[in-house]
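The values are calculated or read from the model by the stated rules, or taken from the named source; none is laboratory data. Because the structure is a prediction, the values reported are computed rather than measured. Note that we place each Cβ from the backbone using ideal geometry, even for glycine, and neighbour counts take in every protein chain shown. For the accessible areas, the whole protein counts, side chains as well, though only heavy atoms, and no ligand, DNA or RNA atoms are used. Shrake-Rupley method; radii C 1.70, N 1.55, O 1.52, S 1.80 Å.
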Amino acid sequence: MKPEQFPKHIRNYLLPTPAGKMHYDCLGCRQQYDISRLLYTCPRCGQVLMLVDEDSQRLKSINGSTWREIFDYRQMLKMPAMRGIYRFHEFIGPIIPLEDIVYLGEGNTPVIEANAELQARVGCRLFFKNDGQNPSASFKDRGMASALSYINHLVRQGRIDNVLAICASTGDTSAAAALYSAYLHPRVRSAVLLPEGKVTVQQLSQPLGSGAKVFEIPGVFDDCMKIVEALSEQYNVALLNSKNAWRILGQESYSYEIAQIFDYQTGDLAVVVPVGNAGNITAVMNGFLKFLEFGIIQALPKIIGVQSLHANPVVRYYQDYSKGKTFMPITVKPSVAQAAMIGNPVSMPRVIKLVETYNLKAGLQRVFFVQVTEQQIMDWHLTANRHGHIACTHGGECLAGLVEALAKGLVSDKDVAVLDSTAHALKFVGFQDLYFQGKLKTPFNILSDRRLVNMPVKIRPVDTKCPEPGKPLAGNELQRFILASAEAVAQQLNLQKT
Ligand SMILES: *Cc1c(COP(=O)(O)O)cnc(C)c1O
Ligand SMILES: [Zn+2]
C-alpha cells in the first residue's frame, strides 16, 4: 500500500522523521555521554553503557492502541527502511533518518507453532521464532542492522570515514558484522577475531566470504574479547561486540515482533532465550519493558534464560541470589551450544539491573534462569528438527530449558512458550554429524540415542552395472540398474507391491 492510501489518523505517523535526543548512559557511575562519537564503555569508570532517548516522553502523546495500529499498518509498507526492524523506529533509533537505514532483510522472522505431537511431549503450547532465517542466519543481524545504520548515518554526515569495524565472536557476530560491513564497502571494512577451532566451518566461511579480515586466536571467546577491547582502547576502530549499545537496541526488535505477532497479548507468554554474552536477554527484557512503559503491551511475559552446565555463570549468579551479590566469571567447558560458551558475559551488569527492574515492574518474579546438560541440548535439538523445525543447538538449548522450567514449575501448561531459535540448524550441522557417529562422548559427555540417529543408506545393486563418473548407463544396462535399485530401496522401506 502507498502512504496516501492509509487511514488518515495513521498517515501522519506512518513514516517517522528523525526525533528524540539520545545519549549513552553509564550503568556504573550514571554519567551521560553524547552519541556524536562512538563509545563502548564509560571513559570514567569502565562500565558498559545503555542508549537512552531522554526525550522519549514525547512518544506518550500517542496512546498504546494507536502505536499498535501504527506498527501493524507499517507492515504493509514496501519501502526497505520500514520492512525490517525499523518499523519500530521510534523505539530503536529515533534519531536516524530513514535514508540512512541499512536493510538486508533482517527481522520479521517466522513464528512457528510446534505440532501437536511435540507440544504433547513437552507439556505446553510452544512456538519457535526462527531467527536463523535472518540474512546471515542468526539473530545477530538485528543488532548489526542497528549498529551499521548508525555508523552509516555518521559516515553520511561526514563525521567518520574509513571505518574499520571490529569484533570478537563465537561465530555469528562476526558473520553478521562482516555481512553488514561488506554492504557499506568501501567506506566500512571489517576485521573479526575468532577463537581458533571453536567456530564451525560454516561460521568461519561467512566472514571470509564477506571479505572480512579474519584472525584466529588461541584460547576461547573471552580471550578474543580482551584483545578486541585492547584494540578499541588504543586504536581508532568501531567495536561491534555487544558492548556496542546500538546492537542492544536493534535486538530489542525481537521482543517487539513477538508482541506484534501475538496481537500484543504478552501476559501469558514465556519467552525462552539462550544466554551467552547476555546481550540478547538484555535486549529482550528491555524491549518488553519499553513496550509496557508506552502502553503498547499491558503485561510483561515471563523470561527464561537458559545456559549449559558447561557455561553457566549467569545461572550460578542467580542461585542463592541476594541483592548486591558480586558476579563471579567462570572457566567454560566445551559446549555444543558453542555460541553461548562464555564465562564472563559482557552484558552481565545490564542483566543484573534489568532483571531487578523487570521483576519490580511485573510486581513478582518474572525472570528465571535454568541450566541444562549437553545431553539434553543435543537430544532436544534433534527432536525439534524431527518435528519440522530448523533449530540449531541453541534452539535445542531453549527447548531443553523449557522442559526444565516446566519440571521446576517455573512455567505451567497454561503458559505459551516462545523459543528463540537463534541460528539456522545448518550452521551447527557438524554437531549433528558427530552425534550420529557417536562421537560426542568427549568432551561433551553426550551419548547418542539410537532413535535419533539417522544415517544415509548406500544403494549399490549387485549383479548390475552402476553409473560411474563420466560413464552414464544406457539401454538395457540402465533399465537393469533402475529396476534393481528400485527393488533395493523398496526392500529397505518395507514397501508392498501394488
Ligand atoms: C550469540 C548467540 C547466542 C548468545 O547470545 P548472547 O547475546 O551472547 O547471550 C546464542 N545463540 C546463537 C546462535 C548466537 O549466535
Ligand atoms: Zn561510568
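Tabulated results
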| quantity | calculated |
| --- | --- |
| Using distinct alpha-carbon pairs, which all enter the 1/r mean, Kirkwood radius of the stretch 456-498 in Å | 11.3 |
| Whole-Å semi-axes of the ellipsoid equivalent to the stretch 158-314 (Cα gyration tensor, √5λ, descending) | 31, 19, 14 |
| Spatial separation of Cα centroids for the stretch 243-306 and the stretch 343-407, in angstrom | 13 |
| Taking the convex hull of Cα positions in the chain, its mean projected area over all directions (nm²) | 28.7 |
| Members of Lys60/Lys243; Lys333/Lys441; Lys140/Lys333; Lys129/Lys353 lying beyond 19 Å, as alpha-carbon distances in this model show | Lys60/Lys243; Lys140/Lys333; Lys129/Lys353 |
| Probe 1.4 Å, accessible area per residue of the stretch 77-195, Å² | 31 |
| Expected 222 nm ellipticity per residue - DSSP helices of 4 or more, -39500 (n - 2.57), all of the chain, to 500 | -11500 deg cm²/dmol |
| Distance cut-off 16 Å, percentage of C-alpha pairs in the stretch 369-428 lying past it | 39 |
| Distance histogram in 10 Å bins (all Cα pairs of the stretch 187-230, percent per bin) | 28, 54, 17, 1 |
| Carbon/sulfur fraction of accessible area - the stretch 203-269, other protein chains in place, 1.4 Å, % | 51 |
| Under 5 Å, built H, 5+ apart or other chain: amide partners of Ser190 | Ala165, Lys213 |
| For the stretch 61-216, the Rg and Dmax computed from alpha carbons only, in angstrom | 18.1, 57 |
| Probe 1.4 Å, protein heavy atoms only - accessible area per residue of the stretch 282-423 in square angstrom | 33 |
| Exposure rank, largest accessible area first [Tyr103, Tyr33; 1.4 Å] | Tyr103, Tyr33 |
| Accessible area of the stretch 1-132 belonging to carbon and sulfur atoms, whole % at 1.4 Å probe | 48 |
| Surface accessible to a 1.4 Å probe, per residue, for the residues of the stretch 456-498, Å² | 93 |
| Reciprocal of mean inverse Cα separation for the stretch 340-498 (Kirkwood radius, Å) | 20.0 |
| Whole-Hz ³J(HN,Hα) from phi, Karplus 6.51 cos²θ - 1.76 cosθ + 1.60, for the stretch 439-445, glycine and proline x | 10, 10, 4, 10, x, 9, 6 |
| The stretch 456-498, accessible surface, carbon-and-sulfur percent (1.4 angstrom probe) | 56 |
| In order through the stretch 289-299: 3J(HN,Hα) via Karplus (6.51 cos²θ - 1.76 cosθ + 1.60), integer Hz, x for Gly, Pro | 4, 5, 5, 5, 4, 9, x, 7, 10, 9, 8 |
| Dipole of the chain, positive direction: furthest Cα of Gly343, Ser242, Thr66, with charges on the beta-carbon | Thr66 |
